[in-house]
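Asks: One structure is given below, represented as structure tokens, and several questions about it will come after.
The values are calculated or read from the model by the stated rules, or taken from the named source; none is laboratory data. Bear in mind that the values here come from a model prediction, so they are computed numbers and not experimental data. Positions of Cβ are generated from backbone atoms using ideal geometry, with glycine treated the same way; all protein chains shown enter the neighbour counts. Surface accessibility is based on the protein's heavy atoms, side chains included, excluding ligands, DNA and RNA. Shrake-Rupley method; radii C 1.70, N 1.55, O 1.52, S 1.80 Å.
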Amino acid sequence: EGRRQRQRDLAFVYQPDADPNDVVIEPGATEELGRAIPADHPLAAKASLDHADLAGEPRILFSRELEPDTHDRLVRRCAMAGFTPTIAQEADNLQTILGLVALGMGIAFATSAVMDNLHRSGVTYRRFRSPAPTVTTSMALLRCNANPAVQRLRDLVLGRFVGEEVR
């Protein structure tokens with residue numbers, strides 16, 4: 001919503017389904033998704049998961065208001081696997097989501113970066129068997145923004161400083 005009100009110069013978002021007219025989307029890294037599961041859950045004993053393993057399990061997702069495209073994409077992914085997800089809880093940040101998982105409130109999607117680097121007591125991560133769903137983290141920039149600091153950050157993040165010293 002802040003994007004539509006022009007309150008932000010640059011934001012990191014999951015790749016939206018369509019480019020808004022006033023925003024440039026710069027695709028970045030694509031990651032596989034897996035699952036964050038309560039450590040004492042029976043699914044934690046499996047080395048990897050199929051979508052069918054997750055039918056009937058309560059889900060914890062990012063708030064639809066925060067990430068509507070990603071939220072809808074994940075719900076559609078469940079529908080393609082043959083079930084309607086039960087959304088037990090929505091949250092606005094990763095730490096809250098993982099806390100709810102640790103409390104046994106449900107299971108959640110987790111990116112490979114989270115699974116590889118963020119360890120939390122009471123949470124076990126499991127990857128999907130191929131093909132795993134993916135998300136792409138992208139930069140969203142206001143199309144009319146001429147702020148040189150924003151442009152420099154964009155270039156830095158995209159690795160486009162060729163032979164230039166970063167200060």
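Asks: A113: net charge of surrounding residues, Cβ under 11 Å, Lys/Arg +1, Asp/Glu -1, itself excluded?
Replies: -3
Asks: State in Å² the accessible area per residue of the chain; use a 1.4 Å probe, count heavy atoms of protein chains only, and round to the nearest integer.
Replies: Working: 9490 Å² over 167 residues.
Counting only protein heavy atoms, the per-residue value for the chain is 57 Å².
Asks: How charged is the neighbourhood of L43? Take every other residue with its Cβ under 9 Å from the Cβ of L43, and add Lys/Arg as +1 and Asp/Glu as -1.
Replies: +1
Asks: Something else: With a sphere of radius 9 Å drawn around the Cβ of S63, what net charge do the other residues whose Cβ falls strictly inside it have (Lys, Arg +1; Asp, Glu -1)? Don't skip to the answer; put the middle values down first.
Replies: On the way: positive: R64; negative: E65, E67, E90, D92.
Cβ neighbours under 9 Å give a net charge of -3.
Asks: With the cut-off at 1.5 for a/c, could you classify the stretch 26-95 from its C-alpha gyration tensor as rounded, prolate or oblate?
Replies: Verdict is rounded for the stretch 26-95.
Asks: To continue, here is another question. Considering Cα pairs under 8 angstrom that are at least six residues apart, work out the relative contact order of the chain and quote it in whole percent.
Replies: 41
Asks: Among A29, P68, P58, pick out the residue whose Cα is farthest towards the positive end of the charge dipole of the stretch 24-167, where Lys and Arg carry +1 and Asp and Glu carry -1 on C-beta, about the Cα centre.
Replies: With unit charges placed on the Cβ atoms, the residue in question is A29.
Asks: Per q in 0.09, 0.19 Å⁻¹, report the Debye log10 I(q)/I(0) for the chain, using one uniform scatterer on each alpha carbon and no solvent.
Replies: -0.36, -1.20
Asks: What is the percent carbon and sulfur in the accessible area of the chain, measuring with a 1.4 Å probe over the protein chains and ignoring ligands?
Replies: Roughly 51 percent, rounded to a whole number.
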